[in-house]
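Engineer: Below you will find the structure I want to go over with you.
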Amino acid sequence: MKIITPATPVPLDTLSATDAAQLINDRKITSEALVRACLARIDAHENLNAFITVNAEQALAQARAWDQHLSDGGAPLPLGGVPVAVKDNIHVAGLPNTAGTPALKNFVPNTTAPVIQRLIDAGAIIIGKCNMHELAFGVTGYNAAYHTPGIKGVRNAHDVSRIAGGSSSGSAVAVAAGMAPVAIGTDTGASVRQPCALNGCVGFRPTTGRYSQVGITPISHTRDTAGPMARNVADIALLDSLIAGGDVLAPKPAGTLRLGIAHYFWQALDEEVSQLAHAAVDRLRAAGVTLVSVDMPGLEEANAAVSFPVVMHEGKHDLIDYLQAHETGLTLEDIVAHIASPDVRAIFEHGIVPALIPDSNGDPIPLPPLYQEAISQGLGRLLALYEQTFSDHHLDALIFPTSPVVAPLANDEVSSTENFARLIRNVDPGSNARLPGLTLPVGFGATSGLPVGLEIDGLPGCDAQILATGATLERILGQ
């Protein structure tokens, strides 16, 4: 097979999925070379604990088959020969699906989740299953079950002493560290956008329900969604169009955009986040974007009425249904008995299993009435607040720092309740309102050298418009 050599060597570990597919199709690189480069990065950065299962032999065989397909005159595909990393709670037939917990280490599904099958049908090669916060119940990735000796938890792509965020920890690190051009994670309240922000890549939570949740280990059917992670907005838009269908919209003219700045999301920022986020907003304003100060009274209370009551109630019943539907041979009790991470064990033993939730004084109270209130009225109230804000100010999106802090140090205290609350503070409300949200990298802290992300949230169903807005912001901000 003849390969056309580019004038300058192609840095394979920094390619976008779109560029990689084009280069492979033009036969300027081979799929096999790209897969080997990604596998080499995985091996070289084993200490980041980004993967639970590496699909090396099968990925290489598929890459060679794709190269032969093109050599034989076969038709190209949008992701033809491009490696994709998958969070280890999304089913890929023939590969273990641990959900980051010991009890499921031997569970191997025989079918692939539709969200991944759409990508495989477009030519993608699954390079492996990524590490995650155990059972996706956390935002640090500090998983006590799956890691290399002496280095607990998934570690930040830019500083191994720091957390990766979560729960789609390894998926974000895989993209940021050059282990795969793109990845798929899941997001219940933070879990795609927050680790992308902490690792310096682009992450998208679609409108809840836009993607199929079949074949994904659940937390909450009301809140869960899969979501793509990449190095640029163009790849996110490509993956979204392949999974959900529909056209990719052109970037919006900067002068037509109206973005809301709600005070709630701009409080309690650490210094580096504040500096970079405000500098980014200033650049957007200078480029012609209209920034509008908006009030969202009662947002914190409206969100609290939905957030944990829904997750804690559905976290029990949805997991029981999943274990039975997929014939895992395991019960909820089996799962809980083997949970390795202390923070996750505490959530299950003190909250999910007994169906209790702490009140404002920290005393346990019954969960079911709060859940019924959240579903029957709370969700509607929260969404109505967003809809009213957008309508009153004619907004295209809200804009805010994705995480109020840069990645904290990794240690046994990092998954504390206090850290959890701070890390999800800005991204949780939009999740509960079922909004699409896109996080973009906006730079690195001058002292820490760690990434900072800026998010835009839109109203449900405006996913393509949010991605078109994101493409414009990405061009202005130059990341």
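The values are calculated or read from the model by the stated rules, or taken from the named source; none is laboratory data. None of the values given here were measured: they were computed from a predicted structure. Here the Cβ positions follow ideal geometry from the backbone for every residue, glycine too, while neighbour counts run over all protein chains shown. Just so you know, the surface numbers come from the protein's heavy atoms only, side chains and all, with ligands and any DNA or RNA stripped out. Shrake-Rupley method; radii C 1.70, N 1.55, O 1.52, S 1.80 Å.
Engineer: So, taking all protein chains as they sit and a 1.4 Å probe, how much accessible area belongs to Ile347, in Å² rounded to tens?
Structural biologist: Estimated to the nearest 10 Å², Ile347 gives 50 Å².
Engineer: Restrict the search to segment 162-211; then list the trypsin sites (Lys or Arg not before Pro) that DSSP places in a loop and that have at most 11 other Cβ atoms within 10 Å of their Cβ. Present the calculation step by step, with values, prior to reporting the outcome.
Structural biologist: On the way: sites: Arg162, Arg193, Arg210; in loops: Arg210.
In loop regions of segment 162-211 (DSSP not H, G, I, E or B), there are no sparsely surrounded trypsin sites (Lys or Arg not before Pro).
Engineer: 222 nm [θ] for the chain, helices only, -39500 (n - 2.57) per DSSP H run of 4+, per residue, to 500?
Structural biologist: Details: 17 runs with 176 residues, N = 479.
About -11000 deg cm²/dmol.
Engineer: What is the Cα centroid distance between segment 323-337 and segment 351-394, reported in whole angstrom?
Structural biologist: Going from one Cα centre to the other spans 28 Å.
Engineer: Write down the percent of antiparallel bridges among all DSSP beta bridges whose residues are both part of the chain, to the nearest 5. Each step should come with its number before you reach the end.
Structural biologist: Numbers: 32 of 47 bridges.
Percentage antiparallel, nearest 5: 70.
Engineer: Stretched out fully, how many nm does the piece from Ala61 to His338 gain, at 0.36 nm a residue minus the Cα gap?
Structural biologist: Roughly 96.2 nm would be gained on extension.
Engineer: Near Ser416, within a Cβ-to-Cβ distance under 13 Å, what is the net charge of the other residues, with Lys and Arg +1 and Asp and Glu -1? Let's see the in-between values first.
Structural biologist: Values: positive: Arg422; negative: Asp343, Asp412, Glu413, Glu418.
Cβ neighbours under 13 Å give a net charge of -3.
Engineer: Continuing with this model, one more query. Taking R0 as 35 Å, what FRET efficiency do you get between Ala346 and Ala287 from their Cβ-Cβ distance, rounded to the nearest 0.05? Don't skip to the end; give the middle numbers.
Structural biologist: Details: r = 47 Å, r/R0 = 1.33.
So the FRET efficiency works out to roughly 0.15.
Engineer: With a 10 Å radius around each residue's Cβ, average the other Cβ atoms per peptide and rank 35-44, 104-113, highest first. If you can, show how the numbers build up before the last one.
Structural biologist: Numbers: 35-44: 19.1, 104-113: 17.2.
With the highest mean Cβ count within 10 Å placed first, the list reads 35-44, 104-113.
Engineer: Still on this structure, I have one more. Which sequence of Arg422, Arg345 reflects their accessible areas, 1.4 Å probe, from the largest down? List each step's numbers first, then the result.
Structural biologist: Working: Arg422 100, Arg345 70 Å².
Putting Arg422, Arg345 in descending order of accessible area: Arg422, Arg345.
Engineer: Please compute the per residue accessible area over segment 255-406 with all protein chains in place, 1.4 Å probe, rounded to a whole number of Å².
Structural biologist: On the way: 7160 Å² over 152 residues.
Heavy-atom accessible area per residue stands at 47 Å².
Engineer: While we're on this one: Starting with the highest mean, order 197-203, 457-463, 265-271 by the number of other Cβ atoms within 10 Å, averaged over the residues of each peptide. Present the calculation step by step, with values, prior to reporting the outcome.
Structural biologist: Details: 197-203: 31.0, 457-463: 21.3, 265-271: 16.3.
The most tightly packed comes first, giving 197-203, 457-463, 265-271.
Engineer: Over segment 8-153, what percent of the accessible surface lies on carbon and sulfur atoms, probe 1.4 Å?
Structural biologist: Values: 2770 of 5360 Å².
About 52 percent, which is the carbon plus sulfur part of the accessible surface.
Engineer: For a 30 Å ceiling on Cα separation, which of these pairs sit above it: Lys152/Lys316; Lys28/Lys252; Lys129/Lys252?
Structural biologist: Details: Lys152/Lys316 27 Å; Lys28/Lys252 32 Å; Lys129/Lys252 35 Å.
Violating the 30 Å Cα-Cα cut-off are Lys28/Lys252; Lys129/Lys252.
Engineer: Calculate the length of the line joining the C-alpha centroid of segment 84-141 to that of segment 418-459, in whole Å.
Structural biologist: 24 Å
Engineer: While we're here: How much solvent-accessible surface does His313 expose, in Å² to the nearest 10, with a 1.4 Å probe and all protein chains in place?
Structural biologist: Here the accessible area works out near 40 Å².
Engineer: Write out the GluC sites (Glu not before Pro) in segment 317-374 meeting two conditions: DSSP loop, and at most 12 other Cβ atoms within 10 Å of their Cβ. Don't jump to the answer; show the numbers that get you there.
Structural biologist: Working: sites: Glu327, Glu333, Glu349, Glu373; in loops: Glu327.
Counting only loop positions with at most 12 other Cβ atoms within 10 Å, the GluC sites (Glu not before Pro) in segment 317-374 are Glu327.
Engineer: Also, I was wondering about something else. Ignoring ligands, DNA and RNA, what percent of the 1.4 Å accessible area of segment 391-479 is carbon and sulfur?
Structural biologist: On the way: 1450 of 2830 Å².
Taking all protein chains in place, segment 391-479 shows 51 percent carbon and sulfur surface.
Engineer: Turning to a different aspect of this structure: When only Cα pairs under 8 Å and 6 or more residues apart are kept, what is the percent relative contact order across the chain? Write down the numbers at each step before the final one.
Structural biologist: Numbers: 1109 pairs, mean separation 82.5, N = 479.
Reported relative contact order: 17 percent.
Engineer: Also, I was wondering about something else. Among rounded, prolate and oblate, which fits segment 149-193 when a ≥ b ≥ c are the square roots of the eigenvalues of its C-alpha gyration tensor, a/c under 1.5 means rounded, and a/b larger than b/c means prolate? Before the final figure, lay out the partial values.
Structural biologist: Values: a/c = 2.12, a/b = 1.28, b/c = 1.65.
Here segment 149-193 falls in the oblate category.
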